[in-house]
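Visitor: Structure provided below as structure tokens; questions to follow.
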Amino acid sequence: MGRMSLVTGGIRSGKSRFALELAFGASAPAGRYFIATAEALDSEMRRRIERHQGERGAGFETVEEPLFLGRAIAKLSSEETVILVDCLTLWVNNLLFRFGTQPEKVEAEMESLLESVSSNPARLIFVTNEVGLGIMADNPLAREFADRLGMINQKIAGQSGDVILMTAGIAQYLKREGVGCAGLAS
């Protein structure tokens, strides 16, 4: 399996910037791919997308995939590629928006993602939000969103060599490949 990282944190914590640094620091003879899950459904989101495009520059080939993430990752993967997915949070939102009344479709896409990364040879970097630090939502849809995002975050973190929590622009390694408890090499 290629090396996999999960970069998580709150809004404006520096997640995307840090993920870009990881991607640019990795060898990618066959190319760097940026899988964008966001959809420009309003002017504010269009501005955010444009800002992110400017930050990453021309160093990536962008693939826009708001729903079928597992399939997109599998299609782009090789030992010599770097794939940055930004972000799982919007992807889960998109799944619930499109397939919310069909939970089996949401579950199938989540399973497809997990299958696509389980034996993937590419260098994979995922960006996501940590939504479990706040209060319990007051409506069923928001609770389902937090539950599903929390579940996929846990599963991706479990398969990742590195899990990084961003707080105020500072990277805190929660899990680091090759490092055991208390920072001792494993």
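Visitor: Of the conditions (1) surrounded by fewer than 18 Cβ atoms within 10 Å (Cβ to Cβ); (2) outside any loop (DSSP other than H, G, I, E, B), Phe34 clears all except one; give me its number.
Guide: (1)
Visitor: Same structure, new question: Quick check, is Leu149 of a type outside the set (Gly, Ala, Ser) and either part of a strand (DSSP E or B) or modelled with pLDDT under 95 (or both)? So that I can check it myself, show each step before the final result.
Guide: Working: of a type outside the set (Gly, Ala, Ser): yes; either part of a strand (DSSP E or B) or modelled with pLDDT under 95 (or both): no.
It is false that Leu149 is of a type outside the set (Gly, Ala, Ser) and either part of a strand (DSSP E or B) or modelled with pLDDT under 95 (or both).
Visitor: Same structure, new question: Tell me which of these Arg17 doesn't satisfy, since it passes every other one: (1) touching a Pro at 6+ places or on another chain (Cβ under 8 Å); (2) of a type in the set (D, E, K, R); (3) over 28 Å from Lys105 (Cβ atoms).
Guide: Arg17 satisfies all of (1) touching a Pro at 6+ places or on another chain (Cβ under 8 Å); (2) of a type in the set (D, E, K, R); (3) over 28 Å from Lys105 (Cβ atoms) except (1).
Visitor: Could you tell me which residue of the stretch 1-22 is nearest to Leu133 (Cα to Cα), considering only residues that are outside any helix (DSSP H, G or I) and within 10 Å of the chain's Cα centre (by Cα)? Explain how you work it out, then say what you get.
Guide: Of all residues in the stretch 1-22, those outside any helix (DSSP H, G or I) come to 1-14.
Narrowing the set further to residues that are within 10 Å of the chain's Cα centre (by Cα) leaves 5-8.
Working: Ser5: 21, Leu6: 17, Val7: 16, Thr8: 12 Å.
So the residue we want is Thr8.
Visitor: Also, I was wondering about something else. Scan the stretch 58-72 residue by residue and report those that are under 12 Å from Ser112 (Cβ atoms) and not aliphatic (A, V, I, L, M).
Guide: If we filter the stretch 58-72 for residues that are under 12 Å from Ser112 (Cβ atoms), which is where we start, we get 65, 67-72.
Across the stretch 58-72, the qualifying residues are Glu65, Phe68, Gly70, Arg71.
Visitor: Could you check how many residues of the stretch 150-170 are surrounded by fewer than 18 Cβ atoms within 10 Å (Cβ to Cβ) and either free of Cβ contacts under 8 Å to residues at least 40 places away in the same chain or not polar (S, T, N, Q) (or both)?
Guide: Total meeting the criteria: 9.
Visitor: Residue by residue through the stretch 37-70, note down the ones that are under 15 Å from Leu124 (Cβ atoms), in contact with a Phe, Trp or Tyr (Cβ under 8 Å, 6 or more places away or on another chain) and outside any helix (DSSP H, G or I). Please lay out each step first, then the result.
Guide: So the first thing to find is which residues in the stretch 37-70 are under 15 Å from Leu124 (Cβ atoms), and the list is 37, 60, 63, 65, 69-70.
Within this subset, residues satisfying the condition of being in contact with a Phe, Trp or Tyr (Cβ under 8 Å, 6 or more places away or on another chain) are 37, 60, 63, 69.
Selection gives Thr37, Phe60, Val63.
The values are calculated or read from the model by the stated rules, or taken from the named source; none is laboratory data. Everything quoted here is computed from the prediction, not taken from an experiment. All Cβ positions, even for glycine, are placed from backbone atoms using ideal geometry, and neighbour counts span all protein chains on display.
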